[in-house]
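Here's the structure we're looking at; comments come further down.
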Amino acid sequence: MPSKTMIDALNRQVLMEAQSSQAYLAMGSWAEIQPGLKGVTQFFFQHSEEERMHMLKLIHYINERGGVAIVPALKQPQLTFDSLKKAFETLLEHELKVSESINSLVEIALNEKDYATHNFLQWYVMEQMEEERLARECNDKLELIGDDKSGLYLFDRDIMTLDKQAPGKSA
Ligand code: FEO
């Protein structure tokens, strides 16, 4: 069974994934009331679902390994954004924090000589690489687009295909 230190750290990650899910849910809800952002709205809502799945995976792991998963209380996330670019900058900042947190979990697993948890966490390491790539790609595109409305139209139209363009992923 993982040590108390490990279980506590995994439970802190449950909270972080739950807060990520809430943050992207709020971004989706904000995007839904902006004109012409159907694609972006779908993207944020889908990402919120993915973060919930990340949280559930942790909850199941903690419980299956003899720990007790803690379903956390959540803070209200940011509800409005000055621009789409700001929303995506916030998303990237958030993902970088999640990656840092996953890296420190891996470090704890190694310090605790908990190789099962170390192995379990490798899925999150890979997932974070992909999420960072996607968030950076969105930010780079929005930087190029600037105030160009036709560029923004195409960004919104194509955003759901970006997920499938990662190296090693089939379209
Ligand atoms: Fe599950 Fe994007 O952190």
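The values are calculated or read from the model by the stated rules, or taken from the named source; none is laboratory data. All values derive from a computational prediction rather than experimental measurement. Glycine gets a Cβ as well: all are built from the backbone with ideal geometry, and neighbour counts include every protein chain shown. Only protein heavy atoms, including side chains, enter the accessible area calculation; ligands, DNA and RNA are left aside. Shrake-Rupley method; radii C 1.70, N 1.55, O 1.52, S 1.80 Å.
Looking only at residues that are under 13 Å from the mean Cα position of the chain (by Cα) and acidic (Asp, Glu) in the range 99-135, which one is farthest from the ligand (Cβ to nearest atom)?
Applying the first criterion (under 13 Å from the mean Cα position of the chain (by Cα)) to the range 99-135 yields 99-102, 124-135.
Then drop every residue that is not acidic (Asp, Glu), which leaves 100, 127, 130-132.
Working: Glu100: 11, Glu127: 6, Glu130: 9, Glu131: 4, Glu132: 9 Å.
Taking the candidates together, the pick is Glu100.
Can you confirm whether Arg133 is under 16 Å from His47 (Cα atoms) and either in contact (Cβ under 8 Å) with a residue 60 or more places away in the chain or surrounded by 13 or more Cβ atoms within 10 Å (Cβ to Cβ) (or both)? Walk me through it before giving the result.
Numbers: under 16 Å from His47 (Cα atoms): yes; either in contact (Cβ under 8 Å) with a residue 60 or more places away in the chain or surrounded by 13 or more Cβ atoms within 10 Å (Cβ to Cβ) (or both): yes.
Judged against the criteria, Arg133 is a match.
Of everything in the range 17-33, what is under 20 Å from Met55 (Cα atoms) and touching a Phe, Trp or Tyr at 6+ places or on another chain (Cβ under 8 Å)? Give them in sequence order.
Here is the first cut: in the range 17-33, the ones under 20 Å from Met55 (Cα atoms) are 17-28.
Tyr24, Leu25, Met27, Gly28, listed by residue number.
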(request) Exactly one condition in (1) under 20 Å from Ala109 (Cβ atoms); (2) of a type in the set (A, V, I, L, M, F, W, C); (3) away from the ligand (no atom under 16 Å from the Cβ); (4) under 17 Å from the mean Cα position of the chain (by Cα) is not met by Val40; state its number. (result) (1)
(request) Go through the range 47-70 residue by residue and tally those that are within 16 Å of the ligand (Cβ to nearest atom), of a type outside the set (Lys, Arg) and open to solvent by 70 Å² or more (accessible area, probe 1.4 Å). (result) 3
(message) Cβ-Cβ under 6 Å, sequence separation 6+ or interchain: first residue in the range 137-155 and in a helix (DSSP H, G or I), partner surrounded by fewer than 15 Cβ atoms within 10 Å (Cβ to Cβ) and not hydrophobic (A, V, I, L, M, F, W, C). Which pairs?
(response) Ile145/Gly151
(request) Identify, from the list Ser29, Ser3, Ser21, Ser83, the residue that is open to solvent by 10 Å² or more (accessible area, probe 1.4 Å), within 15 Å of the ligand (Cβ to nearest atom) and over 18 Å from Gln122 (Cα atoms). (result) Ser21
(request) Within the range 34-42, identify whether any single residue is in contact (Cβ under 8 Å) with a residue 12 or more places away in the chain, outside any loop (DSSP other than H, G, I, E, B) and in contact with a Phe, Trp or Tyr (Cβ under 7 Å, 6 or more places away or on another chain), and answer yes or no. (result) no
(request) Working carefully through the options Phe88, Phe155, find the one that is among the aromatic types (Phe, Trp, Tyr) and more than 17 Å from the chain's Cα centre (by Cα). (result) Phe155
(message) Against the condition under 15 Å from the mean Cα position of the chain (by Cα) and within 26 Å of Asp114 (Cα to Cα), how does Leu58 come out, does it pass?
(response) yes
(message) Condition first: without any contact (Cβ under 8 Å) to a residue 40 or more places away in the chain and either outside any helix (DSSP H, G or I) or of a type in the set (S, T, N, Q) (or both). Now tell me which residues in the range 77-116 satisfy that.
(response) Asp82, Ser83, Ser99, Asn103, Asn111, Lys113
